[in-house]
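Novice: Before I ask anything, here is the structure I am working with.
The values are calculated or read from the model by the stated rules, or taken from the named source; none is laboratory data. Because the structure is predicted, anything quoted here is derived from the model rather than measured. A quick note on method: Cβ atoms are made from the backbone with ideal geometry, for glycine too, and the neighbour counts reach across all protein chains shown. These area figures cover heavy atoms from the full protein model, side chains too; ligands, DNA and RNA do not enter into them. Shrake-Rupley method; radii C 1.70, N 1.55, O 1.52, S 1.80 Å.
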Amino acid sequence: EQQPVPPRMLNRHIDHDLEKVVLKCLEKKPGDRYASAEQLADDLRRYRFGEPIRARSVNLFERFGRELAYSQHDAMLRPWGHALFLLAALMFLGYLATSAMLSAGVEPGYAFWVPRVLMIGFGLPLFWMMRPGGVWMPTNAVERLIWAVWIGYFLCYTCLVWVLWLQGIDHLNVYGAASVLSAMGWFVMGGYLWGGCYLFGWIFLGASFFFARQQGWVWSPFAFGVIWSFVLTALGVRYRMVGREG
């Protein structure tokens, strides 16, 4: 599942062209390798006689595309497509409720915490229903990583709100920092599960500057929830597609 180490990182005296030939042989996708032993032999002959080889280095755009397409542990995550859709809807409604209550003049403490308590109250049974055999704790290394990242995210997000409150900063101004925190979580997912999660991280990073400029805006929670709903829906669509292909 991992990319091979370039030969020149192991031995700097290896020729660049020979390294290209080796790496082309080790491409993950069969279509990116030599189509036949004859083509490999031809490139080795070209290398031997100092002629230009047909193998070439992967450019920046190709590398970026490969990182986005990188995926592993799909088989373990196929059943989560439907749960991600439901979680996206739950977050959309919860953050919409917060902004709607603030807009209607509800006391900020109630507007902030009541929807979140309800999201947790509905989310935990949903999680239990979607777990194989009703098991709560992670059962493998993949789930342990996901738990560590997102439970850590939830705890840090909660502490962030309380720290800002103790500093006299209104909770409506938390979403810039919360977006940065969300971006970090998705970057971790991009490196471990699916490269497309990197794009989710960049979306949250970009949104953090938007929220930073919307001081005291009552619809910031709703905008934050829309982004989360979009990301979770996109991830749900992917794993549903993976499930159909499997």
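Novice: Quick one: is G195 farther than 23 Å from S103 by Cα and modelled with pLDDT of 95 or more?
Specialist: On the way: farther than 23 Å from S103 by Cα: yes; modelled with pLDDT of 95 or more: no.
It is false that G195 is farther than 23 Å from S103 by Cα and modelled with pLDDT of 95 or more.
Novice: Sort through V161, V106, V142 and tell me the only one that's assigned to a loop (DSSP other than H, G, I, E, B) and open to solvent by less than 70 Å² (accessible area, probe 1.4 Å).
Specialist: Working: V161 fails: assigned to a loop (DSSP other than H, G, I, E, B); V142 fails: assigned to a loop (DSSP other than H, G, I, E, B).
That would be V106, the only listed residue that is assigned to a loop (DSSP other than H, G, I, E, B) and open to solvent by less than 70 Å² (accessible area, probe 1.4 Å).
Novice: Of all residues in the range 191-206 being part of a helix (DSSP H, G or I) and touching a residue at least 60 places away in the same chain (Cβ under 8 Å), which is surrounded by the most Cβ atoms within 10 Å (Cβ to Cβ)?
Specialist: Going residue by residue through the range 191-206, those that are part of a helix (DSSP H, G or I) are 191-192, 197-206.
Now restrict to residues that are touching a residue at least 60 places away in the same chain (Cβ under 8 Å): 192, 198-199.
Details: Y192: 16, Y198: 19, L199: 14.
Across the range 191-206, the extreme among qualifying residues is Y198.
Novice: Among the residues of the range 2-15, which ones are touching a residue at least 24 places away in the same chain (Cβ under 8 Å) and more than 28 Å from L193 (Cβ to Cβ)?
Specialist: So in the range 2-15, the residues touching a residue at least 24 places away in the same chain (Cβ under 8 Å) come out as 3, 15.
If the condition is that a residue be touching a residue at least 24 places away in the same chain (Cβ under 8 Å) and more than 28 Å from L193 (Cβ to Cβ), then D15 is the only one that fits.
Novice: Oh, and also: List the residue pairs whose Cβ atoms are under 7 Å apart, where the first residue sits in the range 77-106 and is touching a residue at least 60 places away in the same chain (Cβ under 8 Å) and closer than 30 Å to G216 by Cβ, the second is assigned to a helix (DSSP H, G or I) and hydroxyl-bearing (S, T, Y), and the two are 6 or more positions apart or on different chains.
Specialist: Between residues of the range 77-106 that are touching a residue at least 60 places away in the same chain (Cβ under 8 Å) and closer than 30 Å to G216 by Cβ and residues that are assigned to a helix (DSSP H, G or I) and hydroxyl-bearing (S, T, Y), the close pairs are A88/S229; A88/T233; M91/S229; F92/S229.
Novice: Considering each residue of the range 16-41, count those that are of a type in the set (S, T, Y) and either part of a helix (DSSP H, G or I) or within 25 Å of Y192 (Cα to Cα) (or both), and give that number. Reasoning before the result, please.
Specialist: Here is the first cut: in the range 16-41, the residues of a type in the set (S, T, Y) are 34, 36.
The next check asks that each one be either part of a helix (DSSP H, G or I) or within 25 Å of Y192 (Cα to Cα) (or both); those that pass are none.
Looking only at that region, the number is 0.
Novice: Determine, yes or no, whether R244 is of a type in the set (K, R) and open to solvent by less than 70 Å² (accessible area, probe 1.4 Å).
Specialist: On the way: of a type in the set (K, R): yes; open to solvent by less than 70 Å² (accessible area, probe 1.4 Å): no.
So R244 fails the test.
Novice: Just checking, how many residues over the range 21-50 are surrounded by 12 or more Cβ atoms within 10 Å (Cβ to Cβ), out of contact with any Phe, Trp or Tyr (no Cβ under 7 Å at 6 or more places or on another chain), closer than 30 Å to H73 by Cβ and not β-branched (V, I, T)?
Specialist: 7
Novice: Considering only the range 128-139, I want to know if a residue exists there that is open to solvent by 60 Å² or more (accessible area, probe 1.4 Å), part of a helix (DSSP H, G or I), closer than 28 Å to Q215 by Cα and not basic (K, R).
Specialist: No, the range 128-139 contains no residue that is open to solvent by 60 Å² or more (accessible area, probe 1.4 Å), part of a helix (DSSP H, G or I), closer than 28 Å to Q215 by Cα and not basic (K, R).
Novice: To continue, here is another question. Kindly check whether there is at least one residue in the range 207-214 that is open to solvent by 60 Å² or more (accessible area, probe 1.4 Å), within 20 Å of the chain's Cα centre (by Cα) and touching a residue at least 12 places away in the same chain (Cβ under 8 Å). Spell out the reasoning first.
Specialist: Of the range 207-214, the ones open to solvent by 60 Å² or more (accessible area, probe 1.4 Å) are 209-210, 213.
Those still in the list that are within 20 Å of the chain's Cα centre (by Cα) too: 209.
Then keep just the ones that are touching a residue at least 12 places away in the same chain (Cβ under 8 Å); that gives 209.
Yes, the range 207-214 has at least one match.
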